[in-house]
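Novice: There's a structure below that I have some questions on.
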Amino acid sequence: MTLVERDKAVIWHPYTQMKNALPNIPIVRGEGAHLYDENGKKYIDAVSSWWVNIHGHSHPYIAEKVAEQLKVLEHVIFAGFTHEPAVLLAERLLPLLPGKQEKVFYSDNGSTAVEVAIKMCLQYWANTSPNPRKKIIAFKDAYHGDTFGAMSVSGRSIFTDPFKSLLFDVEFIDLPNAQNIVQLKSKINYLSNEVACFIFEPRVLGAGGMLMYE
Ligand SMILES: Cc1ncc(COP(=O)(O)O)c(C=O)c1O
């Protein structure tokens, strides 16, 4: 069996209707902006692994550092334990972040980071107020991931339809522009005493359709 046939026999791919999907491209190697399939055909990874591969594939420095670390300590439970790479990363990240960010909480991926952020905001209000705020504001066509909280704060679509009765209510607002900014501000002011948090992608709604705003 070819790799593509073996894949089809055992794997479901994300964001893919498996009944009518085109055969997946069998990638065996990556280097910089390029990917290579099993026949040696070269592709430009213009998708950049859905925008996250900013340093290119198989970057020699990253590969070396990951391999070095794996030989020393690959993982340790983070409740009750710590390790230097985690502390060092937090120390380096904090000065780069805007505002008065003082602490880092590590999560696994985009969707669970969104869950954590929403939970932190709701817990903040639960801890500090006898009548905790619960309303969440989000942009209409936003995409924040595929876990239940992340789907709830995202635009509704064919991908969220089967779960819609289980998603929580969110106050969706339009992307700001010169025409609607006054109206948007007054809506936000009106809601402000109830709002626990506002989740947004700064400047551009990526998966929502590359919608730019200021
Ligand atoms: C803005 C944004 N938030 C969250 C996610 C979800 O990230 P992940 O796929 O790592 O769960 C994505 C994924 O494309 C995204 O574009």
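Novice: Enter the accessible area of Thr2 (Å², nearest 10), with the probe set to 1.4 Å and all protein chains included.
Specialist: Counting only protein heavy atoms, Thr2 exposes about 70 Å² to solvent.
Novice: If a/c stays under 1.5 just call it rounded; otherwise compare a/b with b/c (prolate if a/b is bigger, oblate if not). Do that for the range 157-214, with a ≥ b ≥ c from the square roots of the Cα gyration tensor eigenvalues.
Specialist: oblate
Novice: What does DSSP give for the range 109-212 in terms of the percent of beta bridges that are antiparallel, rounded to the nearest 5?
Specialist: Here the share of antiparallel DSSP bridges comes out near 20 percent.
Novice: How many nm is it between the label spots at Lys19 and Lys71, if each spot is 7 Å from the Cα in line with the beta carbon?
Specialist: With each label point 7 Å from Cα toward Cβ, the separation is 5.2 nm.
Novice: Return the percentage of antiparallel bridges among DSSP beta bridges fully within the chain, rounded to the nearest 5 %.
Specialist: Taking every DSSP beta bridge with both residues in the chain, the antiparallel ones total about 60 percent.
Novice: Kindly list the residues of the range 120-159 that lie in the label zone of Met212, defined by a backbone N under 16 Å from the point 7 Å along the Cα-to-C-beta vector.
Specialist: What the label zone holds, given the 16 Å backbone N cut-off, is no residue at all.
Novice: Who wins for biggest fluctuation among His34, His59, His13 in a Gaussian network model of the chain, springs between alpha carbons below 10 Å?
Specialist: Of His34, His59, His13, the Gaussian network model singles out His13 as fluctuating most.
Novice: Under a GNM of the chain (C-alpha, springs under 10 Å), which listed residue has the highest mean-square fluctuation: Pro132, Pro176, Pro23?
Specialist: Highest fluctuation of the listed residues: Pro23.
Novice: Kindly provide the helix-only [θ] at 222 nm of the chain, computed as the sum of -39,500 (n - 2.57) over DSSP H runs of four or more divided by all residues, to the nearest 500 deg cm²/dmol?
Specialist: Result for the chain: -9500 deg cm²/dmol, rounded to the nearest 500.
Novice: Carbon and sulfur together cover what percent of the accessible area of the range 81-196 at a 1.4 Å probe radius?
Specialist: Solvent-exposed carbon and sulfur of the range 81-196 make up 58 percent of the total.
Novice: OK, next. Ratio of the chain's C-alpha Rg to 2.2 N^0.38 Å, to two decimals?
Specialist: Expressed relative to 2.2 N^0.38 Å, the Cα Rg reads 1.26.
Novice: Okay, next question. Around His59, what is the net charge, scoring Lys/Arg as +1 and Asp/Glu as -1 over all other residues with Cβ under 11 Å from its Cβ?
Specialist: -1
Novice: In whole Å, what three semi-axes, largest first, describe the equivalent ellipsoid of the range 3-68 built from its Cα gyration tensor (square root of 5 times each eigenvalue)?
Specialist: Equivalent-ellipsoid dimensions as semi-axes: 25, 13, 13 Å.
Novice: Using a probe of 1.4 angstrom, how much of the accessible area of the range 3-68 is carbon and sulfur, in percent?
Specialist: Its accessible area is 60 percent carbon and sulfur atoms.
Novice: Still on this model: Among the trypsin sites (Lys or Arg not before Pro) in the range 1-43, which ones are in a DSSP loop with at most 11 other Cβ atoms within 10 Å of the Cβ? Mind listing them?
Specialist: In loop regions of the range 1-43 (DSSP not H, G, I, E or B), the sparsely surrounded trypsin sites (Lys or Arg not before Pro) are Lys19, Lys41.
Novice: Sequence gap at least 6, Cα distance under 8 Å: using those rules, report the relative contact order of the chain to the nearest whole percent.
Specialist: 13
Novice: Kindly report, to the nearest 10 Å², the accessible surface of Cys121 as traced by a 1.4 Å probe over protein heavy atoms only.
Specialist: Surface accessible to solvent at Cys121 totals approximately 40 Å².
Novice: Using all alpha carbons of the range 109-212, what is the percent of pairwise distances in each 5 Å bin, ordered from the shortest bin to the longest?
Specialist: The distribution over the range 109-212 is 2, 12, 21, 23, 21, 14, 6, 1, 0, given as percents.
Novice: A further question on this structure: For Lys134, list the lysines whose Cα falls under 16 Å from its own Cα; do not include residues on the same chain fewer than 8 positions away.
Specialist: List returned: Lys119.
Novice: Let me ask something else about it. Counting pairs of alpha carbon atoms under 8 Å apart in space and at least six apart in sequence, what relative contact order in percent does the range 3-68 give?
Specialist: 23
Novice: Keeping all protein chains in place, calculate the accessible area per residue for the chain (probe 1.4 angstrom), answer in Å².
Specialist: 76
Novice: A further question on this structure: Taking the chain as a Gaussian network, where each spring joins two C-alpha atoms under 10 Å apart, which residue of Met120, Met151, Met18 fluctuates the most?
Specialist: In this elastic network of the chain, the residue with the biggest mean-square fluctuation among Met120, Met151, Met18 is Met18.
Novice: Within the chain, which is the longest segment containing none of the chymotrypsin sites (Phe, Trp or Tyr not before Pro) that sit in a DSSP loop and have at most 14 other Cβ atoms within 10 Å?
Specialist: The reported range is 16-77.
Novice: Lysines near Lys19 by alpha-carbon distance under 22 Å, same-chain residues fewer than 8 away left out - which ones?
Specialist: The qualifying lysines are Lys8.
The values are calculated or read from the model by the stated rules, or taken from the named source; none is laboratory data. Since the structure is predicted, the reported quantities are computational estimates derived from the model, not experimental observations. Here the Cβ is made from the backbone with ideal geometry for all residues, glycine too, and neighbour counts use every protein chain on show. Surface areas here come from the heavy atoms of the whole protein model, side chains and all, with no ligands, DNA or RNA. Shrake-Rupley method; radii C 1.70, N 1.55, O 1.52, S 1.80 Å.
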